[in-house]
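Each reported figure results from applying straightforward, stated rules to the coordinates on display, with no laboratory input. Keep in mind the model is a prediction, meaning the values are calculated, not measured. FYI the Cβ positions are ideal-geometry reconstructions off the backbone, even for glycines, and counts take in every protein chain you see.
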Amino acid sequence: MLLQRERERERERERAEIIDKFYQFIKNSQDFSYEYEGKIIWAEMTKTPCFVWNNDGAFINQTCYFIPNANKYLLSLLNSKVVYFYIKNLASSLGEGAYRWIKQYIELLPIPKISSQNQNTIDKIIVLTQKILSTKQKNAQADTIEEENKIDTLIYELYGLNQTEIQIIESSLS
């Protein structure tokens with residue numbers, strides 16, 4: 001019995017050494033610099049959109065996803081009421097109002113491309129997003145609802161939604 005435990009420990013040490021060697025090989029042979037650029041991170045299961053900006057090199061774990069080389073326009077779009085409405089109608093509820101924000105759903109989102117026609121609107125979204133990020137960095141509990149509402153209004157404009165469509169979205173999320 002003691003000999004068997006000792007063999008298991010030895011095998012575990014060998015596995016750990018192999019995993020470490022494999023990790024070192026991968027680390028030294030690939031460029032992981034994209035991990036340290038601006039990226040959007042989100043948890044797989046949340047009640048509401050919870051996409052966060054990260055540019056300090058944080059790594060993520062199992063039930064999170066990230067978009068490398070992201071921009072702040074996309075961050076605001078993903079946190080918008082339009083996207084929340086879309087996911088609520090696309091994804092199945094996990095109970096208690098939580099949804100699975102899996103990568104496959106995010107990839108299906110119809111995201112307005114940046115063009116000369118909408119560049120001004122997108123620039124306004126980016127400025128407001130930066131203001132929210134700066135405010136939250138100083139005080140995570142700060143109230144940024146005014147900026148968030150302005151962003152939602154600009155995003156409604158990007159999608160060309162009329163007042164009736166906006167009302168449907170707003171009332172379904174209240």
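Step by step: first the residues of the range 154-172, then only those that are closer than 17 Å to PRO110 by Cα and among the hydroxyl-bearing types (Ser, Thr, Tyr), then the one that is surrounded by the most Cβ atoms within 10 Å (Cβ to Cβ). Which residue is that? My answer is TYR156. Of the residues making up the range 44-61, those that are over 19 Å from SER134 (Cβ atoms), in contact with a helix residue (DSSP H, G or I) (Cβ under 9 Å, 6 or more places away or on another chain) and loosely packed, with under 12 Cβ neighbours inside 10 Å are GLY57, PHE59. Restricted to the range 128-152, and to residues there that are among the β-branched types (Val, Ile, Thr) and surrounded by 14 or more Cβ atoms within 10 Å (Cβ to Cβ), the residue that is nearest to ALA70 (Cα to Cα) is THR129. Which one is farthest from THR48 (Cα to Cα) among residues in the range 65-98 that are surrounded by 20 or more Cβ atoms within 10 Å (Cβ to Cβ) and polar (S, T, N, Q)? Among those residues, the one meeting the criterion is SER76.
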